[in-house]
Amino acid sequence: MLKHSLRWLTGLGAAGALIAASATPAVAAPTIEPYFQDATLAIGSEATIRGLLLHADEPTVLTDVSVRYDYRSLANKVTVTPADGQECTAPEQGVLVCTEPSDVVLYEMPPLGSGIYRNGTKRVHLGLTENAQLGDSGDVVVSFQAAGGQRGSYTSRVRVGEGVDLAGGPFTSLSAKPGGKFTVPLVVANAGDMTVTGFVAVFDLPYSIRTRDRFSNCRYSDDHLVSCHFDEDIPVGTGLATTLNLEFGKDTYAPANHSGYAQFMTTADFEDLTRVRTAVGARAATPGSGPKLTLAEAPDRVRQADQTDVGPGNDYTGWTIKATGRNGTDLAAIGATLKGTAGTVVTATVGFRNNGPATLDRTNGDFEAATHTDVELPPGTTAVEVPDSCQLRQGTRTYQCASEMLLVAGQSYPLKFRLRIDRVISDARGAVRVNARCECSAGGGFKDDTKPANDTAPIVVNAAQGGGGQGNGDGDGDGDGGGGGGSLPITGAPTTLIAGIGALLLVAGAASCLLARRRSPRSVA
């Protein structure tokens, strides 16, 4: 099931990009960006639950928070009622004001160093009255205010539509070798009592699964399939099917199981989920230029009314493809050689490189890092700035740094430390250790590295020769990131796509912005 992608889209949502696209260091109170997802409500169906999401680019605690729902444009059509037991009042018709019972703490989205801080307020139910009619639409303006003058608002669209029930076909298992091609079924059925008039298949595929097809009604990010929009009708009690030609990338990890999913959404539900992507300036997936992917022969039909899926939980299908053979991963530590005098601040660019041949993909709904790297400071030095993804191990001089979830073969992953040389010690040595032990819920580091001998590289500090590295405590000495690790180039983490959740997030407009945020150093002095 699409537990990974939908957890991101309902928890982070497209609103993550509102912060990620333009985050800058705050000089006063941080800017809080609210987001309240659009909704299509079905006549005769149960109310939909929605929550206000709040995003910032630094840790924030909001006190005395109240949330105001202004739905006067839909008065007598829509109801807004508390869903989580919060205290609310209705100062006038079409307005609900709710008070948060406790502080709202905006915490960092995992993995550590994401730079996105968010939380949600207590949720509400959006329902319809007996006066609602098919085709009604209006806005719900959701605003918040908190102590200290913090406030913001977001205008969400609400439509009245038909209720339908899309269902996905059975799950499928097959196998292929890295670089090999395979075909999977795509099956959808109408499990409701009303004809479905158009729908969207949204794909949650790992980085390893690619396609060379470019259907005109589908969207792609590079060689990754993102979504397909179908105009075909699905009469009650019937289903439609087609096949997808996919393949493993040559850098696919093996042996391993690689799972992919497709979720079927009504056109209106898809619009509700993704309308914000243009507003936040996210990189959109690209439509294909080839023929149209069809599920069955069906006459063209104009969409008569907006529809929403009122039976979620069965609207997906999936495939498990076993990658056969052996294709492993070698993560190699990158150290540094530094020079400077006492009082000099030098930059140590360290980290690791994925030497391949396989990409390491640990993408999952728990946001666990693919590996952890320990950076032990050389004696005589003090860290004055460290990456956001790094935390000092208690009682040590070693920082532990969480990696991305996706480590692409051939890419290097830098960590920049600003070190003050307190006293010069000849050949003072620290170390960088990739695949370090971590007391993490997922068990910590990557344990199947094909060449563990290069998991460690030194950080060496010596006195500057001649006039090099002279400083008064805020200048830079000499430093490089090639020591011990073989002068490997540091190219940075890929930002175009993160597997699995990334494809769906690219549709929603969050992924490219969220992942484009490079991990920035923070001052620890």
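What follows draws every value from the coordinates through simple rules; no lab data is involved. The shown structure was predicted, so the numbers you read here are calculated from the model rather than taken from an experiment. Glycine gets a Cβ as well: all are built from the backbone with ideal geometry, and neighbour counts include every protein chain shown.
With a simple spin-label model that places each label point 7 Å from the Cα along the Cα-to-Cβ direction, the separation between Gln394 and Thr183 comes to 5.9 nm. Using all pairs of distinct alpha-carbon atoms, the Kirkwood hydrodynamic radius of segment 159-239 works out to 14.7 angstrom. Pairs from the table (Lys416/Lys451; Lys322/Lys416; Lys177/Lys416; Lys322/Lys451; Lys250/Lys447) lying more than 29 angstrom apart at Cα are Lys322/Lys416; Lys177/Lys416. Taking 24 Å as the straight-line reach from the Cα of Lys122, the lysines in range (excluding those fewer than 8 positions away in the same chain) are Lys3, Lys77.
For segment 286-403, take the alpha-carbon Rg, divide it by the Kirkwood Rh, and send me Rg/Rh. Looking at segment 286-403, the ratio lands at 1.22.
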